[in-house]
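First comes the structure, then the notes that go with it.
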Amino acid sequence: MPLSRRVAAETLGTFWLVLGGCGSAILAAGVPDAGIGFAGVALAFGLTVLTMAYAIGHISGCHLNPAVTIGLWAGKRFPAKDIFPYIVGQVIGAIVAGLVLFIIAGNTVGKNGMATFACNGYREGSPCGYGLRAGLLVEVVMTFIFLIVILGATDKRAPAGFAPIAIGLCLTLIHLISIPVTNTSVNPARSTGVALFGPAWATSQLWLFWVAPIIGAAIAGPIYRMVAGDGETK
């Protein structure tokens, strides 16, 4: 598959992830007496990945996330030469989705619990006031586990056709655990897409949501290979 088509698929897929996941948080989570809450937002993120994995997985691998791209490279599943184009496509898709959400709901920021515009953060940016250390640790660990599940579910020995379900459910669980801490990133593109349209603190704290997920993903690649054994992965 030509790189241009794969990057286009990543752009489209990441657009859907941010629109569906962050959109559920911005538009539906805080509706009085009818909001979907943390659990609904967590499920929405999982469903975006699950649906897009079936839609574009055969085109681009459905990374939708710079940390996933880097983690797959670290696990020797992805060529280094394609990392930058994939990340550019992912970030563009996320920003376009953030813009769409801002056009729809920008005038509600600061009202009805929408002060954060689904941005990731620590201290004042954390839903429950967690600090930098907690935010750093949770993002590293959650991204590490996410990549372990991705690498395992797509291993040639795993049951064929079920990887999107495992990956989507894993992302749902990750959100159930960590939304109270950082609003859950584990995805630098997702964080960037809304931070550009959110409160001032969001861009100043954005560095964490690039550094921590990439560290977690980069660690997961060689760890999975060590557990799986040489020659056991695709």
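The values are calculated or read from the model by the stated rules, or taken from the named source; none is laboratory data. Just so it is clear, the structure is predicted and the values come from calculations on it, not from any experiment. Cβ coordinates were reconstructed from backbone atoms using ideal geometry, including for glycine residues, and neighbour counts include every protein chain displayed. We work out accessible area using only protein heavy atoms, side chains counted, and drop any ligands, DNA or RNA first. Shrake-Rupley method; radii C 1.70, N 1.55, O 1.52, S 1.80 Å.
Contact map, the range 1-23: first residue modelled with pLDDT of 95 or more, second residue of a type in the set (Asp, Glu), Cβ cut-off under 9 Å, separation 6 or more or different chains; pairs are 3/82; 6/82; 7/82.
Checking each residue in the range 169-198 for being open to solvent by 10 Å² or more (accessible area, probe 1.4 Å), over 18 Å from residue 138 (Cβ atoms) and assigned to a helix (DSSP H, G or I) picks out 169, 192. Could you tell me whether residue 166 is part of a helix (DSSP H, G or I) and either among the hydrophobic types (A, V, I, L, M, F, W, C) or open to solvent by less than 30 Å² (accessible area, probe 1.4 Å) (or both)? Answer is yes for this residue. Only a single criterion out of (1) among the hydrophobic types (A, V, I, L, M, F, W, C); (2) over 25 Å from residue 116 (Cα atoms); (3) in a helix (DSSP H, G or I) is not satisfied by residue 160, namely (3). Looking across the range 145-163 at every residue that is over 19 Å from residue 229 (Cβ atoms) and in contact (Cβ under 8 Å) with a residue 24 or more places away in the chain, the one that is surrounded by the most Cβ atoms within 10 Å (Cβ to Cβ) is identified as 146. Summed over the range 73-105, the residues that are under 16 Å from residue 1 (Cβ atoms) and open to solvent by 20 Å² or more (accessible area, probe 1.4 Å) give a count of 5.
Taking the stated definitions as given, is residue 121 without any contact (Cβ under 8 Å) to a residue 60 or more places away in the chain, small (Gly, Ala, Ser) and assigned to a loop (DSSP other than H, G, I, E, B)? Spelling it out, it is not the case that residue 121 is without any contact (Cβ under 8 Å) to a residue 60 or more places away in the chain, small (Gly, Ala, Ser) and assigned to a loop (DSSP other than H, G, I, E, B). Take residue 201 and decide whether it is open to solvent by 70 Å² or more (accessible area, probe 1.4 Å) and within 30 Å of residue 106 (Cα to Cα). Spelling it out, it is not the case that residue 201 is open to solvent by 70 Å² or more (accessible area, probe 1.4 Å) and within 30 Å of residue 106 (Cα to Cα). If I filter the range 132-139 for residues that are open to solvent by less than 50 Å² (accessible area, probe 1.4 Å) and of a type in the set (Val, Ile, Thr), do I get at least one hit? For the range 132-139, residues open to solvent by less than 50 Å² (accessible area, probe 1.4 Å) and of a type in the set (Val, Ile, Thr): present.
Regarding the range 30-40, can at least one residue be identified that is buried (at least 20 other Cβ atoms within 10 Å of the Cβ) and not basic (Lys, Arg)? No, the range 30-40 contains no residue that is buried (at least 20 other Cβ atoms within 10 Å of the Cβ) and not basic (Lys, Arg).
Every test in (1) within 23 Å of residue 123 (Cα to Cα); (2) modelled with pLDDT of 95 or more; (3) part of a helix (DSSP H, G or I); (4) open to solvent by 20 Å² or more (accessible area, probe 1.4 Å) is passed by residue 206 save one, and that test is (3). Applying a threshold of 8 Å to beta carbon distances and a minimum spacing of six or more residues, or different chains, the list of pairs starting in the range 35-58 at a residue that is under 11 Å from residue 179 (Cα atoms) and ending at one that is polar (S, T, N, Q) and buried (at least 19 other Cβ atoms within 10 Å of the Cβ) reads 41/24; 42/172; 42/184.
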